[in-house]
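Engineer: Below are the structure tokens for one structure; questions will follow.
The values are calculated or read from the model by the stated rules, or taken from the named source; none is laboratory data. Remember, predicted model here, so these are calculated numbers, not experimental data. FYI the Cβ positions are ideal-geometry reconstructions off the backbone, even for glycines, and counts take in every protein chain you see. Remember, those area values only see protein heavy atoms, side chains included, never the ligands or the DNA or RNA. Shrake-Rupley method; radii C 1.70, N 1.55, O 1.52, S 1.80 Å.
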Amino acid sequence: MTHTDAPTPRWRRVVFKPSGEALAGPSGTGIDPATLAHTAQSIIEIRQGLDVDVAVVVGGGNFWRGREGELSGMDATQSDHIGMLGTVMNALALQDALERLGQPTRVQSAIEMPRIAEPYIRRRAVRHLEKGRVVIFAAGTGNPFFTTDTAAALRAAEIDAEALLKGTHSGVDGVYDADPRTTPSAVKYDEIGYMEVMTKDLKVMDATAIAFCRDNKIPIVVFDMSRSGSLRDIVLGGRVGTIVHDV
Ligand code: UDP
């Protein structure tokens, strides 16, 4: 394909946010090598195939969620620190999977651990993206009481990403007016406004992340990661999942 024949992506820079469980495969815990490779391949399809700058904010729910510890009496901050370290494991695994497929990467961690990752430095992250590297942001925001959804929204604003692509794992392929797993009559939205998501308390991302994206005019696409080619289709403007934006 010549350069002029290449399809034109609707965004030039995106933040991709796979939930931790989206790296775990059917069991929902740990890391599944096949799922990881599939995720890496999807990223490469848009990085190399469409020349889109891709930053990834990885979740950590396949290892630990702060809330789990809290429920059993653990100090909330301590529990969130464990959760953030879980995201670092996912980041390193995704880095390995991408690089084995020939895609240069950098991991930047919001909690400094210089032996294994760069610290988060915005300007350096942008430079990596400009050089065609995939930047993986680990350790969320670095602060307890936040989620990786909020970290993804924050990083998207900081690096001037044009969209936040949230890959789900649960078989739910977008935003519905009720949980389609328990309410068979639930209706899927193709698009929806930020305010409607917030007022109806629809399960898209946590409220902080939605409000942040609204204030910074960052569209969010919620989609099912297990479907091959989803990321590419979304970036090319296909109607995949649900887009949350100003309507
Ligand atoms: N976490 C945190 N601060 C952040 C991001 C994450 O404390 O900025 C902790 C929190 O305990 C959270 C866990 O890391 O439950 C894993 O992140 P998250 O639940 O967002 O992962 P996902 O649901 O996307 O797998």
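Engineer: Sort 160, 80 by heavy-atom solvent-accessible area, probe 1.4 angstrom, most to least. The partial results should precede the final answer.
Structural biologist: On the way: 160 105, 80 25 Å².
Greatest to least solvent exposure: 160, 80.
Engineer: About the Cα centre of the chain, what is the dipole size in debye to 20, counting +1 per Lys and Arg Cβ and -1 per Asp and Glu Cβ, all else neutral?
Structural biologist: Values: 27 positive and 31 negative charges, 125 e Å.
Charge dipole of the chain: 600 debye, to the nearest 20.
Engineer: Give me D for the range 1-145 in µm² s⁻¹, whole number, from Stokes-Einstein with Rh from the Kirkwood sum over alpha-carbon pairs, 10 °C and 1.306 mPa s.
Structural biologist: Result for D is 101 µm²/s.
Engineer: Oh, and also: What list of ³J(HN,Hα) values in whole Hz, one per residue of the range 67-78 in order, does the Karplus curve 6.51 cos²θ - 1.76 cosθ + 1.60 (θ = phi - 60°) give from phi, with Gly and Pro shown as x?
Structural biologist: Working through the residues one at a time gives 4, 4, x, 4, 4, 9, x, 6, 4, 4, 5, 4 Hz.
Engineer: Turning to a different aspect of this structure: Would you work out which of 105, 140, 116 lies farthest towards the positive end of the dipole of the range 87-147, given +1 charges on the beta-carbon of Lys and Arg and -1 on that of Asp and Glu, about the Cα centre?
Structural biologist: 105
Engineer: Let me check against my output: what whole-number percent is the relative contact order of the range 73-210, with C-alpha pairs under 8 Å and at least 6 apart?
Structural biologist: Working: 154 pairs, mean separation 25.5, N = 138.
Normalised by residue count, the contact order of the range 73-210 is 18 percent.
Engineer: I would also like to ask the following. For the chain, what does the helix formula give at 222 nm: sum of -39500 (n - 2.57) over DSSP H segments with n ≥ 4, over the residue count, nearest 500 deg cm²/dmol? Show your work: numbers first, answer last.
Structural biologist: Numbers: 8 runs with 90 residues, N = 247.
Value at 222 nm, helices only: -11000 deg cm²/dmol.
Engineer: Amide H to amide H under 5 Å from residue 138: which residues, 5+ apart in sequence or cross-chain, H placed 1.01 Å off N in plane?
Structural biologist: 108, 109, 110
Engineer: Enumerate by residue number the trypsin sites (Lys or Arg not before Pro) in the range 76-161 meeting two conditions: DSSP loop (anything except H, G, I, E, B), and at most 15 other Cβ atoms within 10 Å of the site's Cβ.
Structural biologist: Numbers: sites: 100, 106, 115, 122, 123, 124, 127, 131, 133, 155; in loops: 115, 131, 133.
For trypsin sites (Lys or Arg not before Pro) across the range 76-161 that sit outside H, G, I, E and B with at most 15 neighbouring Cβ atoms in 10 Å, the list reads 115, 131.
Engineer: Select from the range 138-223 those chymotrypsin sites (Phe, Trp or Tyr not before Pro) which occupy a DSSP coil region and have at most 12 other Cβ atoms within 10 Å, ordered by residue number.
Structural biologist: Details: sites: 145, 146, 176, 189, 194, 212, 223; in loops: 145, 146.
Here the chymotrypsin sites (Phe, Trp or Tyr not before Pro) that fit, given the DSSP loop and packing criteria, are 145.
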